Structures are given as C-alpha cells and as structure tokens.
1. I'd like the orientation of helix 117-129 relative to the chain: the angle between its Cα long axis and the longest Cα principal axis, in ° from 0 to 90, rounded to 10.
2. Using all alpha carbons of the stretch 17-61, what is the percent of pairwise distances in each 5 Å bin, ordered from the shortest bin to the longest?
3. Quick one: what does P(r) look like for the stretch 83-137 with 10 Å bins over all Cα pairs, in whole %?
4. For the stretch 1-79, what is Rg from Cα atoms divided by 2.2 N^0.38 Å, rounded to two decimals?
5. Would you mind checking the tilt of helix 14-77 against the longest principal axis of the Cα atoms of the chain, expressed as 0 to 90 degrees and rounded to 10?
6. Picking from 30, 110, 122, which is most flexible by a Gaussian network model of the chain using Cα springs under 10 Å?
7. If you build a Gaussian network model of the chain, linking Cα atoms that sit under 10 Å apart, which residue out of 90, 60, 108 swings the most?
8. Quick check: convex hull of the Cα atoms in the chain, volume per residue, rounded to a whole Å³?
C-alpha cells in the first residue's frame, strides 16, 4: 500500500479511487485471513498445552483415588482383620460398578428406542400418498 496523505486522496479523481478499491479489498481479505491463521495457531497451542495439563491432573487423580482406597482399607483394618477390610472395600466397589453399568445399559436401551429418521420419512411419504396412519384435519 502506498503512503498518501489526506490531501492527496482528496485530489484524486473518483475513477482512480474506485480503481484502487479491488486492491484495498484484496489486501483487507488477506490481512483478515492472516489474522485468523494466527489466532488458530495460538488457540491450537493453548489447547494442546491445556490438554497436557488436564491429562497430568487426571493421572494424579487416579493415584489419589487409589490412595483413598488404601486409607479406607486401613481404617477398616483397625476394627476388622486386614483381609476382611480389603474384601469389604472390594465388594463395595464391585456393587458401585454394577449399579453404574446397569444405568449405562439403560441409557443404551433408550438410545435404540428413539424414532428412526428413515422410518419417519417413510411414514411421511405414506401419508402424502394417503396410505397408513396419519392425522387428518
């Protein structure tokens, strides 16, 4: 782009200003595209670093939960034999896992109960033809 003062632009004929419009629009679009590329690179960089830290946090959380399980076993071992406390904690976790699995299976069953879009389209086609069940007004 050339450096022009305000007075230079005022003296240019309208045709010259209109002639420079495509170049200005092209430069503007290129600048916007470059800005979007830069922003995408920054977002990708931040997202990658954030994902690494979240993954590290999840790893530490995994070991913290294991430590909490050990604390529960040791606390029960104060009043019961150690093997029995470990067995009790195991059974509690097993029951929790079974309940969560049953809840998950029920959601999968609900997923298959949703109406099929293809069947809905077929029903609409039959309704247009005047066949099958449909609401009549």
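Throughout, read-outs are computed from the coordinates displayed, never taken from laboratory work. This is a predicted model, so every value here is computed, not measured.
1. So the inclination is approximately 70 degrees.
2. P(r) over the stretch 17-61, rounded to whole percents: 5, 20, 12, 13, 10, 9, 9, 6, 6, 5, 3, 2, 1.
3. Histogramming the stretch 83-137 at 10 Å steps yields 20, 22, 17, 15, 11, 10, 5, 0 percent.
4. Dividing the Cα Rg of the stretch 1-79 by 2.2 N^0.38 Å gives 2.65.
5. Value to nearest ten degrees: 10.
6. Result: 122 has the largest fluctuation of those listed.
7. Looking only at 90, 60, 108, the biggest GNM fluctuation is shown by 108.
8. 355
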